[in-house]
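Colleague: Here's a structure for you.
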Amino acid sequence: MKRVIYLSLATVAILQGAEQLEAIDVVEKVNTKIVENVSGEEVKSADLAEVLHKNIPSISLIRRSGIANDIILRGQKRDNINVTIDGAKICGACVNRMDPPTSHVVTHAIEEVEVREGAFDVEEFGALSGSIKIRTKKPTQELSGELSLNTGSFGYKKASGTISGGTDRVKVMFSASTEQGEQYKDGNGDNFAEQLSNYTEGTTLGGFNYSSSNKNMDAFEKTMFMGKVFVDVTDDQELRVSYTANRSSDVLYPSSKMDAIWDDSDIINMEYSIKNLSRFSKKLDFQIYNSQVDHPMSTEYRALAEAGGKFMTHHLTSDMTGIKLKNSVDAFGRSFTYGIDASQRNWDGKYTVTSTTNAFPVKTIGASISDVDTDNVGVFVKCERTIGKIDLEVGARYDDTSIDTKSLTEQDKDYQSFSGNIFATYNVNRDTKYFVGVGKSSRVPDARELYNVKYNTAVMPPVRVLNGNPTLNQTTNYEIDMGIERFYGNGKVKIKTFYSKLKDYIYYNGSLKTNNFENIDATIYGAELSGSYLASDKVSLYAGLSYKKGEKDTQPTGQTDTDLAEITPMKFNASLTYDYDDYGDVELSVIASNGWSDIDSENGEQELAGYGVFNLKTTREFENGFVITAGVDNVLDKTYATTNTYKDLILMTDGSDTMLINEPGRYLYLNAKYQF
């Protein structure tokens, strides 16, 4: 087997014809990174956030639980980065980010993930500082499939299967999986319940420990189903229909005060493409989709519920419907893409109290988000042209957005914005490229930032507290990216820098008792260095380094700290792969980070120690279709944390210190897969 580090688009075409076992690869174009063969290699768990953290230096993991974790891209998260699954946008329902968009697809269903950094995506609404495009497997005409069984430390078990086949005209695919895991243990040997009790000892938060009947419960269960039908209506027309369902239950979040009772999502997606419609249309694409998320989180598993005979539930739903019409045409020596898209997101949530002894019926405390609709219509155009040695991309977009709430006390909002960018690549010769891009992009505040309500239940009746801010402006990003890419024989090096000015950046101010979200001005800048080297037919290396700095140009009310929150420290990813024959390899990888010392202490962040973690994996393919993968993550059983404690997440705190959640300790896993 041969692990390939792709050195250019030309070598991709050559190497794809070679007889080899596929491996996960990061294909670096000038302004995008593409993580390939996710389904084939990432067998350890279903968590896409972990995959991206392990493979892309500019992405860091936000650890919340055993699954459903979130990411930071270049110091940006939440709505500041746009995530789509096969072009469909899905928005989590949880105000505390227990169900980020990346959690609604599992790794065995993913073919590749494209990461585009910066303000350079005009096709998507709200792509402020980057976009992540997840593409799932496609059905094949030939009858094919795979069955996979996985087991790992901390009681992890997973079974998945995919079958695909069809005719010249109709292709069908079905895929499903089920998995569950116990509470993992950190390098100290502490599981979730023990990490929580260690934190609450000596505080007044003992009621949020897991109850005696739940302290040993599993950390999560998750099932997934995906079905696709592709129809070649004619030689130039194709219809694609897909349905994806994710069902998660009893997901524990030890550093929060609630756990997810369930987290269900459904995505229905339909695409229709027509090629060569006329000389004015090389390709016409139409897409319509709907995604729904149902997410109740609760104190049901905590000691205070057992002692008090009641528990609180925060039940939220999110419903996203979108439609897009896009046309591509070659004219005047240029390639044009233009279109229109529209979407509506509904977000709704309420708090209730339930008796565990049937002493009273379910009581509604009040709404957290009052049935808010966010309606957007956007038009966009892109142009690509080559002028001599220069490849030029130009894009523009206009958005009109209205946000309507059913709240009787809060005001509706309307926003308009213009986004645009120019990206140029100068091909000095076949070995050297210089590139520079300038872009402007915007995103509107979401319903949580505008209208979210919490309730002080320490008094009766509970007191309504508005921590959203209905006066927020939209955020605008002015950004410049530049760099150089150089090929050296069997290797490649790329250096990239960026500078981002954020006007009216939406920021959480933990010093305020109400209206915690504010607009400030901020700056984020940094640099990335990456390289790959094919040392021989058997040995390949990859390494990447990412650094960034974030500063507040204006201060939140009553604060003076100039460090911007969530600016993760310098991070290093590297891997060394040895292909010992045509059917097997061994990979050693490392993820390392500096200590987290540039922190926003006024908004809850704390200094974190640096870390270096080694992972080891070996894969063996057999001629009968079986593939065996075995690995050890965190070989040295280190105790460390990747995730800080910025107050925009509601975490376990005694008012001074906030609970950190450690990463898993040494993790052993074994996967057996049969392909046909």
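Laboratory data are not the source of any read-out in this text; all were calculated from the coordinates shown. This one's a predicted model, so the numbers in the text were calculated from it and none came from an experiment. For neighbour counting, all protein chains shown are included, and Cβ atoms are generated from backbone atoms with ideal geometry for every residue, glycine included.
Colleague: Can you list which of the trypsin sites (Lys or Arg not before Pro) found in the range 454-560 are DSSP loop residues with at most 13 other C-beta atoms within 10 Å? Numbers along the way, then the final one.
Modeller: Values: sites: Lys454, Arg464, Arg486, Lys492, Lys494, Lys496, Lys501, Lys503, Lys513, Lys538, Lys548, Lys549, Lys552; in loops: Lys513, Lys538.
Answer by residue number: Lys513.
Colleague: List the aspartates and glutamates whose alpha-carbon lies under 17 Å from that of Lys29, not counting same-chain residues fewer than 8 positions away?
Modeller: The qualifying aspartates and glutamates are Glu112, Glu114, Glu117, Asp121, Glu384, Asp391, Glu393, Asp431, Asp481, Glu485, Glu528.
Colleague: Pull out the extension gain between Lys549 and Leu147, defined as 0.36 nm times the separation in residues minus the alpha carbon to alpha carbon distance; nm, one decimal.
Modeller: Values: separation 402, 0.36 × 402 = 144.72 nm, distance 4.47 nm.
Value of the extension gain: 140.2 nm.
Colleague: Figure the gain on full extension for Ile650 and Thr560 (residue separation times 0.36 nm, minus the Cα-Cα span) and round it to one decimal in nm. Let's see the in-between values first.
Modeller: Working: separation 90, 0.36 × 90 = 32.40 nm, distance 2.23 nm.
Gain on stretching Ile650 to Thr560: 30.2 nm.
Colleague: If you take the charge dipole of the range 9-675 about its Cα centre, with +1 on Lys and Arg Cβ and -1 on Asp and Glu Cβ, which of Ser601, Phe418, Phe332 is farthest toward its positive end?
Modeller: Phe332
Colleague: Counting only GluC sites (Glu not before Pro) that are in a DSSP loop and have at most 13 other C-beta atoms within 10 Å, tell me the longest site-free stretch of the chain. Before the final figure, lay out each step's value.
Modeller: Values: sites that count: Glu19, Glu142, Glu201, Glu607, Glu623.
Value returned for the longest uninterrupted segment is 202-606.
Colleague: Distance in nm between label sites at Asn429 and Arg666, each 7 Å beyond Cα in the beta-carbon direction?
Modeller: Calculated label separation equals 5.1 nm.
Colleague: So for Trp347, Trp596, Trp262, fewest C-beta neighbours within 10 Å to most, what's the order? Each step should come with its number before you reach the end.
Modeller: On the way: Trp347 28, Trp596 19, Trp262 14.
Ranked by crowding around the Cβ, least crowded first: Trp262, Trp596, Trp347.
Colleague: Then there's this: Could you calculate the FRET efficiency of Arg385 with Gln416 from 1/(1 + (r/R0)^6), where r is the beta carbon distance between them and R0 is 35 Å, rounded to 0.05? Display every interim value, and only then the final one.
Modeller: Values: r = 29 Å, r/R0 = 0.82.
Efficiency, rounded to the nearest 0.05: 0.75.
Colleague: What are the ³J(HN,Hα) values, in whole Hz, obtained from phi via the Karplus relation 6.51 cos²θ - 1.76 cosθ + 1.60 with θ = phi - 60°, for each residue of the range 191-202 in sequence order, with x given for Gly and Pro?
Modeller: Going residue by residue, I get 7, 4, 4, 6, 4, 5, 5, 4, 6, 6, 4, x Hz, with x marking Gly and Pro.
Colleague: Still on this model: Which length gain, in nm to one decimal place, applies between Thr471 and Thr178 when the Cα-Cα distance is subtracted from 0.36 nm times their residue separation?
Modeller: Values: separation 293, 0.36 × 293 = 105.48 nm, distance 4.41 nm.
Here the segment from Thr471 to Thr178 would lengthen by 101.1 nm.
Colleague: Let me ask you something else. In terms of modelled amide H atoms, which long-range or inter-chain residues lie less than 5 Å from the amide H of Asp70?
Modeller: Correct list: Ile62, Arg64.
Colleague: I would also like to ask the following. Given Cα pairs under 8 Å that are at least 6 residues apart, what percent is the relative contact order of the range 94-192?
Modeller: Working: 149 pairs, mean separation 18.7, N = 99.
Relative contact order, the range 94-192: 19 percent.
Colleague: Whole-Hz Karplus ³J(HN,Hα) for the range 456-463, in order, using 6.51 cos²θ - 1.76 cosθ + 1.60 and θ = phi - 60°, x for Gly and Pro?
Modeller: Per-residue couplings from phi come out as 7, 8, 6, 10, 10, x, x, 9 Hz.
Colleague: Students often forget the sequence filter, so: which aspartates and glutamates lie under 12 Å Cα-Cα from Lys638 once same-chain residues fewer than 8 apart are removed?
Modeller: In chain and number order, the partners are Asp186, Glu663.
Colleague: Let me have the relative contact order for the range 9-675, percent, based on Cα pairs under 8 Å that are six or more residues apart. Please list the in-between numbers first.
Modeller: On the way: 1892 pairs, mean separation 72.7, N = 667.
Relative contact order of the range 9-675: 11 percent.
Colleague: Taking θ = phi - 60°, what integer Hz values does the Karplus form 6.51 cos²θ - 1.76 cosθ + 1.60 yield along the range 90-101, in sequence order, with x for Gly and Pro?
Modeller: These are the phi-based 3J(HN,Hα) values: 10, 10, x, 8, 6, 5, 9, 6, 6, 9, x, x Hz.
Colleague: Next question, about the same structure. At a threshold of 8 angstrom on Cα-Cα distance, excluding pairs fewer than six apart, so keeping six or more, what relative contact order does the range 138-296 reach in percent?
Modeller: Details: 354 pairs, mean separation 25.8, N = 159.
After rounding, I find 16 percent.
Colleague: Then there is this: With a ≥ b ≥ c the root eigenvalues of the C-alpha gyration tensor of the chain, is it rounded (a/c under 1.5), prolate (a/b larger than b/c) or oblate?
Modeller: Working: a/c = 1.42, a/b = 1.23, b/c = 1.16.
It comes out rounded by the Cα gyration axes.
Colleague: Treating the beta-carbon of each Lys and Arg as +1 and of each Asp and Glu as -1, no other charges, what is the dipole magnitude of the range 199-282 about its Cα centre, to the nearest 20 debye?
Modeller: Around 260 debye, computed over the range 199-282.
Colleague: Using unit Cβ charges (K, R positive; D, E negative) and no other charged atoms, how large, in debye to the nearest 20, is the dipole of the chain about its Cα centre?
Modeller: Details: 72 positive and 95 negative charges, 147 e Å.
The dipole magnitude comes to about 700 debye.
Colleague: Non-local amide H neighbours of Asp637 (under 5 Å, H modeled in plane, Pro and chain starts lacking H): which ones?
Modeller: The answer is Arg666.
Colleague: Among the listed pairs Lys44/Lys571; Lys185/Lys647; Lys77/Lys157; Lys137/Lys185; Lys494/Lys673; Lys494/Lys548, give every one whose C-alpha distance is greater than 28 Å.
Modeller: Numbers: Lys44/Lys571 22 Å; Lys185/Lys647 25 Å; Lys77/Lys157 30 Å; Lys137/Lys185 33 Å; Lys494/Lys673 36 Å; Lys494/Lys548 16 Å.
From the list (Lys44/Lys571; Lys185/Lys647; Lys77/Lys157; Lys137/Lys185; Lys494/Lys673; Lys494/Lys548), the Cα-Cα distance tops 28 Å for Lys77/Lys157; Lys137/Lys185; Lys494/Lys673.
Colleague: Then there's this: Suppose every Lys and Arg Cβ carries +1 and every Asp and Glu Cβ carries -1, with no other charges. What dipole size does the range 70-225 come out with about its Cα centre, to the nearest 20 debye? Mind dumping the intermediate values first?
Modeller: Details: 17 positive and 22 negative charges, 48 e Å.
For the range 70-225, the charge dipole is close to 240 debye.
Colleague: Okay, moving on. Which one, Val381, Cys91, Gly187, is farthest towards the positive end of the dipole of the chain when Lys and Arg carry +1 and Asp and Glu -1 on their Cβ?
Modeller: Working it through, the farthest residue towards the positive pole turns out to be Val381.
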